[in-house]
1. For F67 and Q256, what does the FRET efficiency come to when R0 = 30 Å and r is the distance between their Cβ atoms, rounded to the nearest 0.05?
2. Calculate, axis by axis, the spread of Cα positions in the stretch 177-262 along the three principal axes, and write the results as whole Å, longest axis first.
3. What number, rounded to the nearest 500 deg cm²/dmol, is the helix-based mean residue ellipticity at 222 nm of the chain, given -39500 (n - 2.57) per DSSP H run of at least four residues and division by all its residues?
4. Tell me, what % of the accessible area of the stretch 117-262 is carbon and sulfur with a 1.4 angstrom probe?
5. Provide the net charge surrounding Q119, with neighbours chosen by a C-beta distance below 14 Å and charges set as Lys +1, Arg +1, Asp -1, Glu -1.
6. Could you work out the mean projected area of the convex hull around the alpha carbons of the stretch 168-210, in square nanometres to one decimal?
7. What is the P(r) of the chain, as percent of Cα-Cα pairs per 10 Å bin from 0?
8. Just report the Cα centroid separation between the stretch 180-210 and the stretch 99-135, whole Å.
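The values are calculated or read from the model by the stated rules, or taken from the named source; none is laboratory data. Not measured: the values here are computed from a predicted model. Heads up, the Cβs are rebuilt from the backbone with ideal geometry, glycines too, and the neighbour counts pull from every protein chain shown. These accessible areas exclude ligands, DNA and RNA; they are computed on the full protein's heavy atoms, side chains included. Shrake-Rupley method; radii C 1.70, N 1.55, O 1.52, S 1.80 Å.
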Amino acid sequence: MWTSNLLGIVTSMIVGLGVNGAGADVPPPAASQITPAPAVYEELKIARQDVTGDGRPDLVTLLGKRFAADSPYYDKLKVMVQDPVARKVSFFHTTYGGYQPEMSFCDFTGNKTKQIWIQAPTGGSGGTSDFYLFSDKDNNPAVLPVPQPLTITGAYQDGYKVPITIKETNQTTVLDLSDRKDIYEENGVYKNGKLVQPTEVMPNTFSVLKPVEVRDGTCELLGEQRVSGVANADTIAYVQSRWKWENNGWKLLSAQVKKAER
């Protein structure tokens with residue numbers, strides 16, 4: 001192994017983050033070819049991708065430590081990048097764990113080098129996930145931000161109407177939920193179309209942040225947030241958003257409210 005001659009191990013800690021061009025799964029290399037993964041961690045996915053920008057594939061491994069031996073939940077996740085040319089290893093740690101985490105690759109920032117995208121479903125009833133974006137260009141590990149969920153507000157009105165407002169774009173979409181009036185009337189939310197008591201909508205964080213490659217070879221992000229009505233199971237809308245990396249951060253390109261089918 002080349003660990004004895006390692007120029008340095010760089011550890012990057014997060015403080016808080018499928019795709020076209022994703023790295024293909026590959027069989028685990030022979031033990032003599034790579035640095036052994038930490039004993040308590042499992043190798044969840046291994047891919048060969050150039051994430052350092054030297055034009056040669058690096059070995060990128062997604063690692064997870066289970067909450068318990070028989071648990072499907074990984075309470076700790078990390079990514080190990082091994083550059084066989086520079087003989088360097090970088091580690092990235094996520095803030096939270098998740099169920100069935102996924103790893104993919106794309107150039108989000110336009111620097112002609114792919115970054116590492118991690119999605120970790122939280123397993124909650126809201127169907128949300130945590131997302132992380134890592135860069136290791138020139139063997140300089142960096143944690144990049146991800147878009148923050150949109151600020152979504154709304155309150156039920158008489159006549160089964162609910163205006164949904166997106167703060168970031170200052171746009172309001174009025175939903176007509178009269179197709180649910182039988183449920184609302186039976187459960188005392190409305191009486192003869194009159195709202196019984198003030199009721200505000202309940203927006204969720206991102207359930208989807210999906211990288212999508214665009215014409216210039218970079219990736220943008222498509223987001224989706226679920227909006228619940230009188231209860232978590234009462235999904236009334238989805239707020240879809242599109243994001244592009246500009247000036248060292250994410251720019252919101254568009255956002256729209258789509259009524260959910262009953």
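1. On the way: r = 38 Å, r/R0 = 1.25.
Efficiency computed from Cβ-Cβ geometry: 0.20.
2. Principal extents (largest minus smallest coordinate, Cα): 54, 21, 17 Å.
3. Values: 1 runs with 6 residues, N = 262.
Using -39500 (n - 2.57) per qualifying helix, the result is -500 deg cm²/dmol.
4. Values: 3390 of 7390 Å².
Carbon and sulfur atoms account for 46 percent of the accessible area of the stretch 117-262.
5. Numbers: positive: K45, K210; negative: E102, D130, E224.
Every neighbour counted, the sum reads -1.
6. Numbers: hull surface 19.4 nm².
The directionally averaged projection comes out at 4.9 nm².
7. Bin by bin from 0 Å, the calculated values are 7, 26, 28, 19, 12, 6, 2, 0.
8. Taking the Cα centre of the stretch 99-135 as reference, the centre of the stretch 180-210 is 32 Å away.
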